[in-house]
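One structure below.
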């Protein structure tokens, strides 16, 4: 464990920049279909729109928790190599999940891999945070 606490969570900040970009991209993909199809609300049975809305929504549901766990772990002094690893895997997971939702079949490798890696990243980041707290708690 790195006992020198950083003053600025650089890894988390860069991860948040990536997340903002991916979030904007996923949002734009929804908007483009809405605009082209004239469907302002809901999905109106459009399978492609439904997949893109879910990809955007699922990202919005998962990214904030991961970034919070990553950021607090970084501030608490977690090893940068582990933080970079988790952040990289999370980025790949979310991209794979979004691409997997776009596929024609609901069960496909991208969606499965993306979902499983996302859960793994949440569990890993939570474990890292718990481990990072040990010195702070005097244990």
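What follows draws every value from the coordinates through simple rules; no lab data is involved. Model, not experiment: these values are computed from the prediction. Cβ placement follows ideal geometry from the backbone for every residue including glycine, while neighbour counts extend to all protein chains displayed.
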Tell me the Kirkwood hydrodynamic radius of segment 40-103 in angstroms, computed as one over the mean inverse distance between distinct C-alpha pairs. 13.3 Å
Top of 12, 127, 118 by mean-square fluctuation, Gaussian network on the chain, Cα under 10 Å: 127
Given points 7 Å out from each Cα along the Cα-Cβ axis, report the residue 35 to residue 17 separation in nanometres with one decimal. 2.7 nm
Cα-based helix-to-principal-axis angle, 10-37 vs the chain, degrees rounded to 10: 10 degrees
On C-alpha positions alone, give me the angle between the axis of helix 80-102 and the longest principal axis of the chain, in degrees, nearest 10. 10 degrees
Pick from 27, 37, 15: which is most flexible by mean-square fluctuation in a GNM of the chain where alpha carbon atoms under 10 Å apart are linked? 37
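Ranked by Cβ crowding within 10 angstrom, fewest neighbours first, how are 65, 117 ordered?
Details: 65 14, 117 19.
Placing the least packed residue first, the sequence is 65, 117.
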Cα-based convex hull, the chain, per residue volume (Å³, whole number): 101 Å³
